[in-house]
Amino acid sequence: MGIKGIQSIIPKERQKDFIFVKNTAMHSKTIEKFSKLSKGEKMVWVARNFFDNPEAGLQVLKQYWNQDDALQKLHDEFIENTLSNFYLPFGVAPNFLINDELYVLPMVIEESSVVAAASRAAKFWLKRGGFKTEVISTAKTGQVHFTYNGNHQLLQAFFLRVKDRLVAEVAPLTTNMQKRGGGLTNLTLVDKTHELENYFQLSATFETCDAMGANFINSCLEQLAQSWQYVYKQDAEMQAQNADFSIVMSILSNYTPDCLVRATVCCPVADLEATEDLSPKAFAEKFVQAVKIAEASPYRAVTHNKGIMNGVDALVLATGNDFRAVEAGVHAFAAKDGRYQSLTHAKIENDIFYFWIEIPLALGTVGGLTGLHPLVKLSHEILGHPNAKKLMEITAVAGLAQNFAALNALVTSGIQKGHMKMHLLNILNQLKANEVEKLTLIEYFKTHIVSFTEVSVQLEKLRQVSTIN
Ligand code: MEV
């Protein structure tokens, strides 16, 4: 890399240390104290060691910096070693009628057809009473995992003796949450020795109100562990056993089957849409069969649930929640009965079509990114500043709507027609079509089947015609 490209990101006195020298051996080199380098130095180190064209690579990284320095600094400080920002589209899906209130859903997602599918499903159900939701429970748990090889009854009796003290010692951490109606709501000793030798848990249940609550729960658990260890060491009866007792770790669980929400749609079968080949009744029956297949076959269930998560994750991301936690918890829930199954269910009863989802969603509307990221703040504004329960409901609806749209397509025209239509622009961009070419081919593919090959062929034809002309 020439000195020119690094001028803007490395202080003058250090530029000589960062002149690019092609050195492929550097790929296998480790680096000490990388986090102590300035952002510019980190960029140059990565560029000169890993980019085929370091100058161009640096330009790409810089291209995504925000012009507003304060905003860029905010993003830099979310994580360590930030080099740039990674954009994802932020879109909205309007017309969601949820419990008789209208919502516009902010969605962050890269997959072409997801927002369009959500919007279609919203519009469909808008005319049929909308979505109804109910938060079933809001409990979250965490565990102090420990080992103990002494007498089990003695441990249980000891736990009951000290339980109040353990709870009292967490009180300073829970006071604020208690004022908001939450806190530590239960504490039990769980014997897990039938699953792993000498393994026990202190299992704590929490109510975290509008916070996702990870930091709150983890702080409480670490305090519980400390108190538990202390009282154990002080107790003459426990010490007399001379047993091994050791705290292994204390951490919240992202498995939240008791932080559960349900969303439902229903309408008379006759009100469903007929297609060329299917009457509303035949459509409803095929739809229910498709859901039953996802209940019966894990191979189908995973894809079925993936489609649900297209909607859920888009909302989770837009509202600044932790999508990894939600994903882990949701999939564990889908497998709770010993086999991975569909999160949605459907039935026809007395000529009424019912379709619903039950999904664990541990979400927050305060704390974390919610007060920091400007687009996250806007998402909450678009949603009318929901509390955590309302956000659980809206997010479950996003999942149900997405699944409705996917199944609707799968049991009628197939998924590719709509998907490839939405993907057409990506293909045209990949083939570097100009605006006129895009417009022409979008028109052409309104009546033709989209595939990468077909788009390439049509684009080539178009270019040949314009060369001849
Ligand atoms: C694609 O992102 C999601 C679908 O595969 C979901 C499904 O098959 O139900 C369309």
Normalised per residue, the volume of the convex hull around the Cα set of the chain (Å³)
228 Å³
With a length cut of 20 Å (Cα positions projected on each helix's long axis) and a Kyte-Doolittle mean of at least 0.5, go through the chain and give me the DSSP H helices that pass.
388-410
Using 0.36 nm per residue of separation minus the Cα-Cα distance, give me the extension gain between Glu327 and Gln59 in nm, one decimal.
93.0 nm
Hey, with R₀ at 45 Å, roughly what FRET efficiency would Ser35 and Asp164 work out to, going by the Cβ-Cβ distance, to 0.05?
0.50
Run the quick spin-label model on Arg128 and Ser219: label points 7 Å from Cα toward the beta carbon, then report their separation in nm to one decimal.
4.7 nm
If you consider only alpha-carbon coordinates, what radius of gyration and Dmax does the range 69-208 have, in Å?
24.0, 64
Rank-order 430-442, 233-245 by packing density, defined as the average count of other C-beta atoms within 10 Å over each peptide's residues, highest first.
430-442, 233-245
Counting each DSSP H run of 4 or more residues in the chain as -39500 (n - 2.57), what helix-only mean residue ellipticity at 222 nm follows after dividing by all residues, to the nearest 500 deg cm²/dmol?
-15500 deg cm²/dmol
In range of the label at Lys432: residues from the range 56-100 whose backbone nitrogen is under 17 Å from the point 7 Å along Cα→Cβ:
56-57
At R0 = 56 Å, how high is the FRET efficiency between Thr193 and Asp68 if r is their beta carbon distance? Nearest 0.05 is fine.
0.50
Go through the range 190-195 residue by residue and turn each phi into a ³J(HN,Hα) via Karplus (6.51, -1.76, 1.60, θ = phi - 60°); whole Hz please, and just put x for glycine and proline.
10, 8, 10, 5, 6, 9
The set of residues whose placed amide H lies less than 5 Å from the amide H of Met107, leaving out same-chain residues fewer than 5 positions away, is Gly91, Val92, Ala93
What is the antiparallel percent of DSSP beta bridges lying wholly in the chain, to the nearest 5?
95 percent
Sorted by chain and number, the residues with a modelled amide H under 5 Å from that of Ala139, at a separation of 5 or more or across chains, are Cys259, Leu260
Taking a cut-off of 17 Å between Cα atoms, list the lysines near Lys421, but don't count ones fewer than 8 places away on the same chain.
Lys438, Lys446
On the protein heavy atoms, probe 1.4 angstrom, tell me the percent of accessible surface of the range 140-252 carried by carbon and sulfur.
48 percent
Which Cα, out of Ser119, Thr205, Leu425, lies furthest along the positive dipole direction of the chain (beta carbon charges, K/R +1, D/E -1)?
Leu425
If each K or R counts +1 and each D or E counts -1, the residues other than Glu110 whose Cβ falls under 15 Å of its Cβ total -1
Between Ala274 and Gln464, what FRET efficiency follows from the Cβ-Cβ distance if R0 is 41 Å, with the result rounded to 0.05?
0.45
So which of Lys132/Lys389; Lys140/Lys233; Lys132/Lys347; Lys62/Lys377; Lys292/Lys347; Lys42/Lys62 end up more than 18 Å apart, counting from Cα to Cα?
Lys140/Lys233; Lys62/Lys377
How far apart, in nanometres, would the label points at Glu80 and Tyr354 be if each is projected 7 angstrom from Cα along the Cα-to-Cβ direction?
5.2 nm
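The values are calculated or read from the model by the stated rules, or taken from the named source; none is laboratory data. Everything numeric in this text was worked out from a predicted model, so none of it was measured. For neighbour counting, all protein chains shown are included, and Cβ atoms are generated from backbone atoms with ideal geometry for every residue, glycine included. For accessibility, only protein heavy atoms count, side chains too; no ligands or nucleic acids. Shrake-Rupley method; radii C 1.70, N 1.55, O 1.52, S 1.80 Å.
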